[in-house]
Amino acid sequence: MCGIIGYTGPLEAKDVLLKGLAGLEYRGYDSAGIAYFNQDSQVRSIKKVGKVAALRECVKSTCEISHCGIGHTRWATHGGVTDANAHPHSCGQVTLIHNGIIENYAKLKKVLEKKGYEFVSETDTEVLAHLLSEYYNGNPAETIQKVMQRVEGSYALGIMFLDHPNHIYAARKDSPLIVGASKEGNLIASDVPAILRYTRNVYYMENEELVCLSREHIRFYNIDGEPLEKTPVTIEWD
Ligand code: GLU
C-alpha cells in the first residue's frame, strides 16, 4: 500500500523524511522519492527505483539544508516502475506525492493535453500536478478543494507550492493519512510508525478533509473550505 511522509520544522527535513520512509517500508513499495525546499526556497526532487537505502545514497550527495519536505514510497498502479514514474511529480508552482488511484485520470489527461500540458510520466498521479497548476490562484487550500471536487478515486496527497515555502498541504479520500504535532515541527504520514520517534499526538484525517501545516500551526478544512476543529489522539503503544 506504499506510504507518505511530510515534515516542516526546525530539524533537517531530508533526514526526517528518510527515517519516516524507512518506518513505512513494511507497507511494500517499488520506488521512493522526496522533495524539499532548500535554503533558497527552491523545491528540489530526488527519486529513484528501489529501496529507501538507494534513495538515501542519492540524497547524501547534496549538502543543501532543508526544513520542509514531502516523501513517498510508490506501489505502481499506472505506469511501469521507472524513475520518471516515481513520485514526487511537479508542474509550475506545484510538487506533490500521491497514494491511491485517480479513476478519471484518462479523461482529465485528455483535457489537460489539449490545453498544452506536457506529461513526463505514465502515472495517473501526474494529472493532479497539472490540474492543481491549471487551477492555481495563489490560494493553495482553495485550489486543492477545486481539484478534490473534480477527481474521482482514492488519494492521500502531500503538496508543496513554490510560493508558499515551508508549508505542506495534505488531503485524503479512501487512502490513509494522519497528522502529527510535535515540539520539533509538524508532520503528515500514512501511518503512525513513520512519525512515532517525533510525536505521540496524532490527528486522524477523515475523507475529503484538507490540512495546512507550517512549523507553527496546523489548520484543518473540509472540502468546502470551512475550518474544522479536530481533537488529537495520544498514541499509547510503541
Ligand atoms: N497510482 C499512483 C502511481 O501509480 C500512486 C501509487 C501509490 O499509491 O503509490 O504512481
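Restricting attention to the range 1-53, report how many residues are over 18 Å from A181 (Cα atoms), aromatic (F, W, Y) and away from the ligand (no atom under 16 Å from the Cβ).
2
Restricting the range 175-205 to residues that are more than 16 Å from the chain's Cα centre (by Cα) and assigned to a loop (DSSP other than H, G, I, E, B), which is surrounded by the fewest Cβ atoms within 10 Å (Cβ to Cβ)?
K183
Between a residue in the range 204-220 that is at positive phi and any residue that is outside any loop (DSSP other than H, G, I, E, B), which pairs come within a Cβ distance under 8 Å, given they are 6 or more apart or on different chains?
E208/M148; E208/A171; E208/R172; E208/K173; E208/N222
If you check L128, L108, L132, which single one turns out to be touching a helix residue (DSSP H, G or I) at 6+ places or on another chain (Cβ under 7 Å), aliphatic (A, V, I, L, M) and either within 13 Å of the ligand (Cβ to nearest atom) or open to solvent by 30 Å² or more (accessible area, probe 1.4 Å) (or both)?
L128
Conditions: (1) away from the ligand (no atom under 14 Å from the Cβ); (2) assigned to a helix (DSSP H, G or I); (3) surrounded by fewer than 20 Cβ atoms within 10 Å (Cβ to Cβ). I144 meets all but one. Number of the miss?
(3)
From the list T95, T77, pick out the single residue that is open to solvent by 60 Å² or more (accessible area, probe 1.4 Å) and touching a residue at least 12 places away in the same chain (Cβ under 8 Å).
Of T95, T77, the one residue that is open to solvent by 60 Å² or more (accessible area, probe 1.4 Å) and touching a residue at least 12 places away in the same chain (Cβ under 8 Å) is T77.
What is the one condition in (1) more than 16 Å from the ligand (Cβ to nearest atom); (2) within 11 Å of the chain's Cα centre (by Cα) that I97 does not satisfy?
(1)
Give the residue, chosen from H72, H89, that is open to solvent by less than 60 Å² (accessible area, probe 1.4 Å), touching a Pro at 6+ places or on another chain (Cβ under 7 Å), of a type outside the set (A, V, I, L, M, F, W, C) and within 12 Å of the ligand (Cβ to nearest atom).
H72
For the range 149-174, enumerate the residues that are among the basic types (K, R) and either free of Cβ contacts under 8 Å to residues at least 40 places away in the same chain or part of a strand (DSSP E or B) (or both).
R172, K173
In this structure, is S175 in contact with a strand residue (DSSP E or B) (Cβ under 8 Å, 6 or more places away or on another chain), under 17 Å from E209 (Cβ atoms) and small (G, A, S)?
For S175, the condition - in contact with a strand residue (DSSP E or B) (Cβ under 8 Å, 6 or more places away or on another chain), under 17 Å from E209 (Cβ atoms) and small (G, A, S) - is met.
Within the range 37-62, which residues are open to solvent by 50 Å² or more (accessible area, probe 1.4 Å) and either within 19 Å of K19 (Cβ to Cβ) or assigned to a helix (DSSP H, G or I) (or both)?
Matches in the range 37-62: R44, S45, K47, K48, K51, A53, R56, E57, K60, S61.
So which residues in the range 122-144 are among the acidic types (D, E) and within 19 Å of N222 (Cα to Cα), if there are any at all?
Listed by number, the list holds a single entry, E142.
Please name all residue pairs, on different chains or six or more residues apart, with Cβ atoms under 7 Å, provided the first residue is in the range 20-31 and is assigned to a loop (DSSP other than H, G, I, E, B) and the second residue is among the polar types (S, T, N, Q) and within 13 Å of the ligand (Cβ to nearest atom).
L24/T73; L24/S190; Y29/T73
The values are calculated or read from the model by the stated rules, or taken from the named source; none is laboratory data. The structure presented is a predicted model; accordingly, all values stated were derived computationally and were not measured. Don't worry about glycine lacking a Cβ; one is built from the backbone with ideal geometry, like all the others, and counts go over all protein chains shown. Side chains included, ligands, DNA and RNA excluded: accessible areas come from the protein's heavy atoms. Shrake-Rupley method; radii C 1.70, N 1.55, O 1.52, S 1.80 Å.
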